[in-house]
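Single-structure report; data block below.
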Amino acid sequence: MSLQLSSLLRHSLLSPTSRAVIPSFRVGKVPTSFAAVPTSLAAVPSRSAVTSVVLKRLEEKKEQALLGGGQHRIDAQHKKGKLTARERIEVLLDEGSFIEWDRLVEHDCTDWGMEKTHFPGDGVVTGTGTINGKQVFLFSQDFTVFGGSLSAAYARKVCKIMDHAQMVGAPVLGLNDSGGARIQEGVASLGGYGDIFLRNVLLSGVVPQISLVMGPCAGGAVYSPAITDFTFMVKGTSHMFITGPDVVKQVTNEAVTQEELGGSAAHCATSGCAAGAWDNDVHVLLQTRRLLDFLPSSNKEKSPIRSSSDPADREVPALDNIVPNSATIPYDIKHVVQFLVDDGDFFEIMPDYAKNIVVGFARMNGETVGVVGNQPLVAAGCLDINASVKGARFVRFCDSFNIPLIILEDVPGFLPGTQQEHGGIIKHGAKLLYALAEATVPKVTVITRKAYGGAYVVMNSKHIRADVNYAWPSAEAAVMGSKGAVAIICRGDPDLEKREEEYVETYANPFPAAKKGFVDDVIMPRDTRKRLCSDLKWLRNKEQSNPWRKHGNIPL
């Protein structure tokens, strides 16, 4: 507020009517009435006049904020096939629910000519709204203002909505479209990133955090999406990397494009830094709405339940024949999932990364569940480094937010080879073991076929506190497959074929595990849905805790 405007506001409080009723006073030689004061108040604008000035300025600033960096920059954004920051919010949130905060915030930098350029909002739109009636807090970076670069004031806006999200227990959504730190602000901008990263860490496991990379996300800025629970990207227009192609060329002499280095294909299929990608902004935003519908708002809520028209006791005859008679013939575990869950609705997470394991959200009798399944179509369903990390992170998310876990097991073991051993399969495989053993949410396992070696234990066996374990008639739990086992224990025997038949009859079936109580029942596949729904109902009251500790030391 200017000094002149402040003065006008103060004087306008004394209207002619109010001055008339103020009594005279005498203090020394001070005039006895306002009438004796030589200064004329006749020229002072009335309150209504000043208010009109303020309202006019407010309207101008609001209109300026809506335009971001200007119409020409909005047009440039559209030409790239991208929505603006505000258009994205319109698509993402329920209609009319958005309440914007800090629309009038501006940077306070005076270096490098920055004092000459100001935009209300300073390059990020922040606030709160609802998605399918669920309260969320969000920030949407505006590439049309200073390239979406982060300033200290910008960071304070983001931190404010994150603090309120933690206070009330609501998800945080970050729509990223930024060139990175605002260079003109130097270390103040870097400090702003640090403030945001701290909150990402403190909110981890407290409220769901979802990052949408909808343009560039470079340098230190990438660590916010890296810490959040799920990162989604837009095919062709979003890029995420620590150092861009130019720096890579200078340092390594490697020529690479932005898309090759940090596009959606690189992060969804190779690095595993993104959980999914879709063709355009609208599709990504709608899929985010869909994901939020599966999740609780915070770690204080139980797994969401909504009404379902899919009967809990529905039999699934198709499952009786889904597992081939030959152990070497694959089948698609996703078909099993779709047959089991409500209405076949399955939201897969990281579908293009570590395809030998499938993870995602579904509902059973209306309740959200997390599904983890070995995929026989890829590497025979073996666990490897990437699959173990993918599975572990998903399991820990579900455990953080009280989402029950269903494990569909068909695993011949851990993938052998020097590449896996030297890459640390021992350490990385232990992550999945650690995550499932530590989890206290309801955990139900169904062995559909193979459960071999250490992988049998890792995939939510009774030995690591699984609540209920089932086996189909096609299941076999053993140290290894019959051919490998016989080759070791019957080395030198002239009739290995006969010995293998004996081994299959003895071990390649569900009965040894059932005899020892390691599986609770051998069930017909068609009855699986009804048994799972029944178990999840009574397990909703499960209470289990781990020994007190500051935190565990998971093998990172």
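General observations
- Cα-based convex hull volume of the stretch 62-103 per residue, rounded to whole Å³: 75 Å³
- At R0 = 51 Å, FRET efficiency that the Cβ-Cβ distance of LYS355 and LEU55 yields, to 0.05: 0.30
- Taking every DSSP bridge with both residues inside the chain, close to 35 percent are antiparallel.
- Heavy atoms of ARG396 accessible to a 1.4 Å probe, total area in Å² rounded to 10: 90 Å²
- Overall Cα dimensions of the stretch 120-246 - principal axes, largest extent first, Å: 43, 31, 26
- Integer Hz, Karplus 6.51/-1.76/1.60 couplings in order for the stretch 336-346, x for Gly and Pro: 4, 4, 5, 5, 7, 7, 4, 6, x, 8, 10
- Relative to the longest principal axis of the Cα atoms of the chain, helix 152-168 runs at roughly 60 degrees.
- Accessible surface, per residue, of the stretch 132-217 when the full set of protein chains is kept, probe 1.4 Å, Å²: 30 Å²
- Too-long pairs where the Cα-Cα distance tops 20 Å, listed order kept, from LYS427/LYS516; LYS79/LYS235; LYS300/LYS542: LYS427/LYS516
- Relative to the dominant Cα principal axis of the chain, helix 3-12 is inclined by about 70°.
- With every protein chain in place, the stretch 87-143: carbon and sulfur % of accessible area (1.4 Å): 50 percent
- Those lysines that a straight Cα-Cα span of less than 22 Å connects to LYS61, excepting residues fewer than 8 apart in one chain: LYS116, LYS157, LYS160
- Farthest toward the positive end of the dipole of the chain, out of THR328, PRO225, SER238, is the Cα of PRO225, where the dipole comes from beta carbon charges about the Cα centre.
- Based on the reciprocal of the average 1/r between different C-alpha atoms, the Kirkwood radius for the chain equals 27.1 Å.
- Remark: spin-label model distance ALA318-GLU438 equals 3.7 nm, labels positioned 7 Å along the Cα→Cβ axis.
- Helix 385-400 vs. the chain, principal-axis angle (Cα, 0 to 90°, nearest 10): 60 degrees
- In this Cβ point-charge picture (+1 for Lys and Arg, -1 for Asp and Glu), the chain has a dipole of about 2200 debye about its Cα centre.
- Rounded to the nearest 20, the Cβ-based charge dipole of the stretch 80-211 about its Cα centre (Lys and Arg +1, Asp and Glu -1) stands at 280 debye.
- Selected from GLN166, PRO404, THR84, residue furthest toward positive end of dipole (the chain; charges at beta carbon): GLN166
- Extension gain (nm, one decimal) between ASN553 and MET524, 0.36 nm per residue minus Cα-Cα: 6.5 nm
- The reciprocal of the average 1/r between distinct C-alpha atoms defines the Kirkwood hydrodynamic radius, which for the stretch 70-191 equals 14.9 Å.
- Proximity of backbone amide H atoms, modeled 1.01 Å from N, is registered between LEU150 and GLY180, ALA181, ARG182 at under 5 Å, excluding neighbours fewer than 5 places apart on the same chain.
- Label zone at GLN544, where the point sits 7 Å out along the Cα-to-Cβ direction: the stretch 400-425 residues whose backbone N lies under 11 Å: 405
- Estimated from helical segments only, the mean residue ellipticity of the chain at 222 nm is -11000 deg cm²/dmol, where each DSSP H run of four or more residues counts as -39500 (n - 2.57).
- Full extension of the chain between ILE242 and GLU421 yields a length gain of 61.6 nm, computed as 0.36 nm times the residue separation minus the alpha carbon distance.
The values are calculated or read from the model by the stated rules, or taken from the named source; none is laboratory data. All values derive from a computational prediction rather than experimental measurement. Cβ coordinates were reconstructed from backbone atoms using ideal geometry, including for glycine residues, and neighbour counts include every protein chain displayed. In case anyone asks, the SASA skips ligands and DNA or RNA and just uses the protein heavy atoms, side chains included. Shrake-Rupley method; radii C 1.70, N 1.55, O 1.52, S 1.80 Å.
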